[in-house]
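Notes for the one structure printed next.
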Amino acid sequence: MIEQDTIKLLRECDAGVKMGVSSIDDVLDKVSSNSLKKYLTECKNEHEELKTEINGLLNKYHDDGKEPNPIAKGMSWMKTNVKIGMDDSDKTIADLMTDGCNMGVKSLNQYLNKYKAADEVSKDITKRLINLEERLAVDIRSFL
């Protein structure tokens, strides 16, 4: 049970990290403010560091990880492009990113509760990912 919950939790973290990086990539070239760009770039880099850690653990379990849900990814991409098409301000970007962070925090907490038997290393990675998302949402509040 521990190994199965660990793998499932790591897969969800993998999908979440990929979704986060993709979302940041979707907006980064549209950001005007250097400080907002810095927050997003730093968060993306930290996501990529966690991704490396997650992939190392998944490889240990001979697992390929998980891609983000294609429907969720498509809806996110569409929402981003429609909102930015109407208003490409940093305020819009901060709003979109805050929504994404909040959804990520919610999902990751649900998975943390669902896969209670996961090992402590995987739970720690999940909590670190949650903290990254929460911190970005706080950091970019001034742009809302």
Looking only at segment 1-28, how many residues end up being open to solvent by 50 Å² or more (accessible area, probe 1.4 Å) and either closer than 14 Å to residue 115 by Cβ or modelled with pLDDT under 95 (or both)? 6
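Okay, residues lined up against (1) touching a Gly at 6+ places or on another chain (Cβ under 6 Å); (2) closer than 27 Å to residue 144 by Cβ:
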site: 24; (1), (2): no, yes
site: 37; (1), (2): no, yes
site: 47; (1), (2): yes, yes
site: 60; (1), (2): no, no
site: 75; (1), (2): no, yes
site: 80; (1), (2): no, yes
site: 83; (1), (2): no, yes
site: 101; (1), (2): no, yes
site: 105; (1), (2): no, yes
Single unsatisfied condition, residue 141 versus (1) open to solvent by less than 90 Å² (accessible area, probe 1.4 Å); (2) closer than 20 Å to residue 28 by Cβ; (3) among the basic types (Lys, Arg); (4) in contact (Cβ under 8 Å) with a residue 40 or more places away in the chain: (1)
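This table checks each residue for (1) closer than 19 Å to residue 128 by Cβ; (2) charged (D, E, K, R); (3) surrounded by fewer than 19 Cβ atoms within 10 Å (Cβ to Cβ); (4) without any contact (Cβ under 8 Å) to a residue 12 or more places away in the chain.
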residue: 75; (1), (2), (3), (4): no, no, yes, yes
residue: 78; (1), (2), (3), (4): no, no, yes, yes
residue: 85; (1), (2), (3), (4): no, no, yes, yes
residue: 92; (1), (2), (3), (4): no, no, no, yes
residue: 95; (1), (2), (3), (4): no, yes, yes, no
residue: 102; (1), (2), (3), (4): yes, no, yes, no
residue: 108; (1), (2), (3), (4): yes, no, no, no
residue: 118; (1), (2), (3), (4): yes, no, no, no
Flag for residue 126 being at pLDDT 95 or above and within 17 Å of residue 20 (Cβ to Cβ): yes
Of the listed residues (37, 60), the one being open to solvent by 70 Å² or more (accessible area, probe 1.4 Å), of a type outside the set (Phe, Trp, Tyr) and in contact with a Leu (Cβ under 8 Å, 6 or more places away or on another chain) is 37
Residue 31 vs (1) in a helix (DSSP H, G or I); (2) among the aliphatic types (A, V, I, L, M); (3) surrounded by 14 or more Cβ atoms within 10 Å (Cβ to Cβ): all pass except (1)
Given the conditions (1) in a helix (DSSP H, G or I); (2) charged (D, E, K, R); (3) open to solvent by 70 Å² or more (accessible area, probe 1.4 Å); (4) within 21 Å of residue 142 (Cβ to Cβ), report the number of the one that residue 44 does not fulfil. (3)
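The values are calculated or read from the model by the stated rules, or taken from the named source; none is laboratory data. What you see is a predicted model, and the numbers here were worked out from it, not measured in a lab. No Cβ is skipped: glycine too gets one built from the backbone with ideal geometry, and neighbour counts run over all protein chains shown. All accessible areas refer to the heavy atoms of the entire protein, side chains included, with ligands and DNA or RNA removed. Shrake-Rupley method; radii C 1.70, N 1.55, O 1.52, S 1.80 Å.
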